[in-house]
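Enquirer: This structure is in structure tokens; I'll ask about it shortly.
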Amino acid sequence: MKDLMRYTLASSLILSFLPSGASAAETVGANTQSKTTIDDGVVEQLSIVGTRLAKPPLSSHSVISREQIDNLNPASTTDLLQLLPNVSLSQTSAGTGQSYISIRGGESNFTLIMIDNVVVNDSTNSRGGGFDFNRLSVAAIERVEVYRGGVAAIYGSEAISGVIHFITKQPSASQAILQAKLGSDDYRQMDVTLTGNLTEKVTALVNVSSSEVEYYTWSKAKDKQALITLNSLGERLNHRFSLLVGDREAASLAEDSGGELYAQKRTPELRSSDFVMAGLSSELLGDSESLYESLHFALSWQRQQETSNHPGISNGVYSGVPASLIESTYRRAEAQVYAHWLANADWQVVTGVSHRDAVGENQGNLDFGMLVPVNFRLEQQVSSVFIETQKQWRKLSLSVGLRYENPSEFSADLANQVGLSWQFLPAHQVSFNYSEGYKLPSFFSLAHPLIGNSELKPESSENYELGWHYTNDESLTMDLVIFDNRYTNLVDFDPVMFKAVNRGAVDATGGEWRVNHAVNSWLDIAFNVTYTDSEIKRSQVNLRRRPQWSGGAAINMQWQQFNANIRSDYRSEFFDSSIATGELTLPSYLQWHVSGGWQLSQQLRLSLSIDNLFDKQFEQSVGFMNHGRQVAFAIDYKI
């Protein structure tokens, strides 16, 4: 790994002396508050995930655009997220099992997941509030925005490690787009998108997709999804409505079973789930006589249901898990109002309030030889008041965020965030960010009849970040970030007390390095490296799925109607465990991905992708081997 680090650092220094070139896909955004940059070889349009202010810090953001998604041709959303720089994702039974994401050493449920500004973390599941990314079809995604770092002061108590925001496809000119994909292991996907004008001011989009894959009889999945979006644009008043409905049937060996290598029986866990999400947002722009720049209103509602038929796990190094049949339901409604003010050209303020109601239910039984019910129902309300402000003094910028939350059954708390940046040279910027936040215990850990603990305290976080950003006419960008994240009162399962408890502190320190260069009009290259040292203080327990080193490189080429992409993905060795084996150290791995496309005409495009090009065998979770080389072919046709 030291060789990789030296190579990346040397490459970045060499790049700084290469001649500047125009980007292969340079675009000009209509929104003057946005910032066009290159991220892993693709020009992107940064939005404001991580803040409601106009100018977010560049060093902690990543974006995957729809153009990049089409060029890479991923089979699933989890495959897409594996391409994110400086983010660690692991899976059990890739594509059919569970997925876990870690940002800067945090737990999977420390990351806030949003779809079109609607929070979709499920507080009733055993992962403590994680989200199954496979529930969202990659066909519906317009772009993915990522903010790394604690932003509880902006988004609330679920965002103490970072934010991943999926923005779905938007209505555009009248057209129909048909896409068909075929690939290894009987993978197939059909996708239809219809978009156009309903009236002079109202545009609409309908996207319907279906996909299916079968690796083995005990590892397969079927997905269906529909998206409806309506946009209404007026002179001052704009509205957006979106409805997302999904259904998933999956079979995979259970988490912690030891997978196909170590599980004593290959009876799969059968899961069926459905997902409904609706959101309505409105924006009222101010005029010359208004005291505000804009007013924003948002309403959202969601329901997630999952039925799990778990076969149980036999005793191994650790005690086994009984068979179970459980149905969980999570419903959440939220309302938000905020105003954007411009005190002057250099000082902006956002103030607002929000309220959410959530209900979690669990119905089912554990089979200990006799059926033991594990039913629960829990309600929670959280009211919040928040403020963000940013002040500019020539080349110095200060931003502050405060959020006061008053949850039912818990004491009120104040999350805060402070950021300072200095443009000390035309091409160089340094920044410092500090934040404090907290996360409420999940419904599962609070209310589960067997392991729940109503006395749990909220988990808390303290985040420090020091960054350096370099840009050379935006053909060359470099980012170096050093971070220190401290988490306390972590919720964990105590096998002796047989219930969830608050444990000690976790300290995650490290750094991120990214280099992106548009060499000329047809070639972009990029590198990224992440080092994270995560440990539980005063404990011999190792955190799972936390490689110290990770990184990758990308080469993106665009020549006339052809494009080609080459990417690498490296993970150093890491700890993991299963009931069958106990704790193991899984070896490091390096895999390569290639993809390409040919735009035959304005209507027709052909794409080819090969994941794990050299057919490497490795595990992201104990006993779950990757599925080897995966080839996928896609046809897109526009009418």
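Enquirer: Just the residues that are buried (at least 20 other Cβ atoms within 10 Å of the Cβ) and more than 18 Å from ASN626 (Cα to Cα), please, taken from the stretch 204-218.
Expert: LEU205, ASN207, SER209, SER211
Enquirer: Check the stretch 532-541 and report whether any residue there is surrounded by fewer than 16 Cβ atoms within 10 Å (Cβ to Cβ), among the small types (Gly, Ala, Ser) and under 30 Å from GLU436 (Cβ atoms).
Expert: We begin by selecting, within the stretch 532-541, every residue surrounded by fewer than 16 Cβ atoms within 10 Å (Cβ to Cβ); these are 533, 537-541.
Filter once more, so that each one left must be among the small types (Gly, Ala, Ser): 539.
Adding the requirement that they be under 30 Å from GLU436 (Cβ atoms) leaves 539.
Yes; the residues of the stretch 532-541 include at least one that is surrounded by fewer than 16 Cβ atoms within 10 Å (Cβ to Cβ), among the small types (Gly, Ala, Ser) and under 30 Å from GLU436 (Cβ atoms).
Enquirer: Something else now. Considering only the stretch 129-153, state which residues are modelled with pLDDT under 85, in contact with a helix residue (DSSP H, G or I) (Cβ under 7 Å, 6 or more places away or on another chain) and surrounded by 24 or more Cβ atoms within 10 Å (Cβ to Cβ).
Expert: Correct list: GLY129, ASN134.
Enquirer: Restricting to the stretch 270-301, name every residue that is outside any strand (DSSP E or B) and of a type outside the set (D, E, K, R).
Expert: Matches in the stretch 270-301: GLY286, SER288, SER290, LEU291, TYR292.
Enquirer: Next question, about the same structure. Restricting to the stretch 287-307, name every residue that is surrounded by 15 or more Cβ atoms within 10 Å (Cβ to Cβ) and free of Cβ contacts under 8 Å to residues at least 40 places away in the same chain.
Expert: LEU299, TRP301, ARG303, GLN305, THR307
Enquirer: What residue, of VAL385, VAL359, VAL372, is under 22 Å from SER445 (Cβ atoms) and modelled with pLDDT of 95 or more?
Expert: One residue alone meets the criteria, VAL359.
Enquirer: Residues being more than 10 Å from the chain's Cα centre (by Cα), over 20 Å from VAL506 (Cα atoms) and of a type outside the set (S, T, N, Q): count how many of those fall in the stretch 81-114.
Expert: Within the stretch 81-114, residues that are more than 10 Å from the chain's Cα centre (by Cα), over 20 Å from VAL506 (Cα atoms) and of a type outside the set (S, T, N, Q) number 5.
Enquirer: Looking only at the stretch 137-192, count how many residues are part of a strand (DSSP E or B) and of a type in the set (Ser, Thr, Tyr).
Expert: Qualifying residue count for the region: 3.
Enquirer: Residues being in contact (Cβ under 8 Å) with a residue 60 or more places away in the chain, in a loop (DSSP other than H, G, I, E, B) and not hydrophobic (A, V, I, L, M, F, W, C): count how many of those fall in the stretch 224-261.
Expert: 4
Enquirer: Follow-up. Quick one: which of GLN602, GLN617, GLN591 is closer than 28 Å to GLU214 by Cβ, assigned to a loop (DSSP other than H, G, I, E, B) and either of a type outside the set (Val, Ile, Thr) or in contact (Cβ under 8 Å) with a residue 40 or more places away in the chain (or both)?
Expert: Working: GLN602 fails: closer than 28 Å to GLU214 by Cβ; GLN591 fails: assigned to a loop (DSSP other than H, G, I, E, B).
Unique residue meeting the criteria: GLN617.
Enquirer: Restricting attention to the stretch 262-277, report how many residues are touching a residue at least 40 places away in the same chain (Cβ under 8 Å) and closer than 30 Å to ALA298 by Cβ.
Expert: Narrowing the stretch 262-277 to residues touching a residue at least 40 places away in the same chain (Cβ under 8 Å): 262-269, 273, 275, 277.
Narrowing further to those that are closer than 30 Å to ALA298 by Cβ: 273, 275, 277.
The number of residues fulfilling the criteria is 3.
Enquirer: For the stretch 50-86, what are the residues that are at pLDDT 50 or above and either in contact with a Cys (Cβ under 8 Å, 6 or more places away or on another chain) or hydrophobic (A, V, I, L, M, F, W, C) (or both)?
Expert: Selection gives LEU53, ALA54, VAL63, ILE64, ILE69, LEU72, ALA75, LEU80, LEU81, LEU83, LEU84.
Enquirer: Looking only at the stretch 265-281, filter to residues that are more than 30 Å from ARG240 (Cβ to Cβ) and of a type outside the set (A, V, I, L, M, F, W, C); which one of those is farthest from the chain's Cα centre (by Cα)?
Expert: Filtering the stretch 265-281 for residues that are more than 30 Å from ARG240 (Cβ to Cβ) and of a type outside the set (A, V, I, L, M, F, W, C), the one farthest from the chain's Cα centre (by Cα) comes out as LYS265.
Enquirer: Output the residues belonging to the stretch 456-477 that are in a loop (DSSP other than H, G, I, E, B) and touching a helix residue (DSSP H, G or I) at 6+ places or on another chain (Cβ under 9 Å).
Expert: If we filter the stretch 456-477 for residues that are in a loop (DSSP other than H, G, I, E, B), which is where we start, we get 456-458, 473-475.
Matches in the stretch 456-477: LEU456 only.
Enquirer: Quickly run through the stretch 491-510 and pick out the residues that are under 25 Å from the mean Cα position of the chain (by Cα) and surrounded by 18 or more Cβ atoms within 10 Å (Cβ to Cβ).
Expert: Result: VAL491, VAL506, ALA508, GLY510.
Enquirer: Pick out the one residue from ALA298, ALA343, ALA333, ALA263 that is out of contact with any strand residue (DSSP E or B) (no Cβ under 7 Å at 6 or more places or on another chain) and hydrophobic (A, V, I, L, M, F, W, C).
Expert: Working: ALA298 fails: out of contact with any strand residue (DSSP E or B) (no Cβ under 7 Å at 6 or more places or on another chain); ALA343 fails: out of contact with any strand residue (DSSP E or B) (no Cβ under 7 Å at 6 or more places or on another chain); ALA333 fails: out of contact with any strand residue (DSSP E or B) (no Cβ under 7 Å at 6 or more places or on another chain).
The conditions single out ALA263.
Enquirer: Taking the stretch 602-639, which residues are over 16 Å from SER76 (Cβ atoms) and among the polar types (S, T, N, Q)?
Expert: If the condition is that a residue be over 16 Å from SER76 (Cβ atoms) and among the polar types (S, T, N, Q), then GLN602, GLN603, GLN617, SER621 are the ones that fit.
Enquirer: List the strands (runs of 3 or more DSSP E) that sit entirely inside the stretch 302-420 and contain at least 3 residues that are in contact with a Pro (Cβ under 7 Å, 6 or more places away or on another chain).
Expert: The qualifying strands (runs of 3 or more DSSP E) are 347-367, 376-393.
Enquirer: Taking the stretch 573-585 as the region of interest, how many residues are over 24 Å from LYS265 (Cα atoms) and crowded, with 16+ Cβ neighbours inside 10 Å?
Expert: Adding up the residues that qualify gives 1.
Enquirer: Check LEU178, LEU194 and return the single one that is of a type in the set (A, V, I, L, M, F, W, C) and touching a Lys or Arg at 6+ places or on another chain (Cβ under 9 Å). Even if it seems obvious, please write down each step before you answer.
Expert: Values: LEU194 fails: touching a Lys or Arg at 6+ places or on another chain (Cβ under 9 Å).
Among LEU178, LEU194, only LEU178 is of a type in the set (A, V, I, L, M, F, W, C) and touching a Lys or Arg at 6+ places or on another chain (Cβ under 9 Å).
Enquirer: Does SER242 qualify as being crowded, with 21+ Cβ neighbours inside 10 Å and farther than 30 Å from SER324 by Cα?
Expert: Yes, satisfied.
Enquirer: Continuing with the same structure: Across the stretch 243-271, what is the number of residues that are out of contact with any helix residue (DSSP H, G or I) (no Cβ under 9 Å at 6 or more places or on another chain), closer than 26 Å to VAL317 by Cβ and of a type in the set (D, E, K, R)?
Expert: 6
Enquirer: Of everything in the stretch 171-189, what is surrounded by fewer than 16 Cβ atoms within 10 Å (Cβ to Cβ) and either of a type in the set (S, T, N, Q) or under 14 Å from MET114 (Cβ atoms) (or both)? Give them in sequence order.
Expert: Residues satisfying the conditions are SER172, SER174, GLN175.
Enquirer: Further question on the same structure: Can you pull out the residues in the stretch 147-174 that are β-branched (Val, Ile, Thr) and farther than 21 Å from GLY352 by Cβ?
Expert: Of all residues in the stretch 147-174, those β-branched (Val, Ile, Thr) come to 151, 154, 160, 163-164, 167-168.
ILE164, THR168 - these are the residues of the stretch 147-174 that are β-branched (Val, Ile, Thr) and farther than 21 Å from GLY352 by Cβ.
Enquirer: For the stretch 539-555, does any single residue satisfy the condition of being within 30 Å of ASN489 (Cα to Cα), modelled with pLDDT of 95 or more and of a type in the set (A, V, I, L, M, F, W, C)?
Expert: Yes, the stretch 539-555 contains a residue that is within 30 Å of ASN489 (Cα to Cα), modelled with pLDDT of 95 or more and of a type in the set (A, V, I, L, M, F, W, C).
Enquirer: If I filter the stretch 549-578 down to residues being outside any strand (DSSP E or B) and free of Cβ contacts under 8 Å to residues at least 40 places away in the same chain, which single residue comes out as nearest to GLN603 (Cα to Cα)?
Expert: Looking at the filtered set, the residue picked out is GLN561.
Enquirer: Pairs, please: C-beta under 7 Å, at least 6 apart or cross-chain, first residue under 20 Å from ARG303 (Cα atoms) and in the stretch 321-339, second assigned to a strand (DSSP E or B) and of a type in the set (Phe, Trp, Tyr)?
Expert: The qualifying pairs are ALA333/TRP301.
Enquirer: So, one more: Taking the stretch 368-392 only, how many residues are more than 24 Å from GLN336 (Cα to Cα) and hydrophobic (A, V, I, L, M, F, W, C)?
Expert: 6
Enquirer: Give just the number: which of (1) over 30 Å from ALA323 (Cβ atoms); (2) surrounded by 15 or more Cβ atoms within 10 Å (Cβ to Cβ); (3) touching an Asp or Glu at 6+ places or on another chain (Cβ under 9 Å); (4) of a type outside the set (D, E, K, R) does GLN381 not satisfy?
Expert: So the condition that GLN381 fails would be (2).
The values are calculated or read from the model by the stated rules, or taken from the named source; none is laboratory data. These figures come from a predicted structure and were not determined experimentally. FYI the Cβ positions are ideal-geometry reconstructions off the backbone, even for glycines, and counts take in every protein chain you see.
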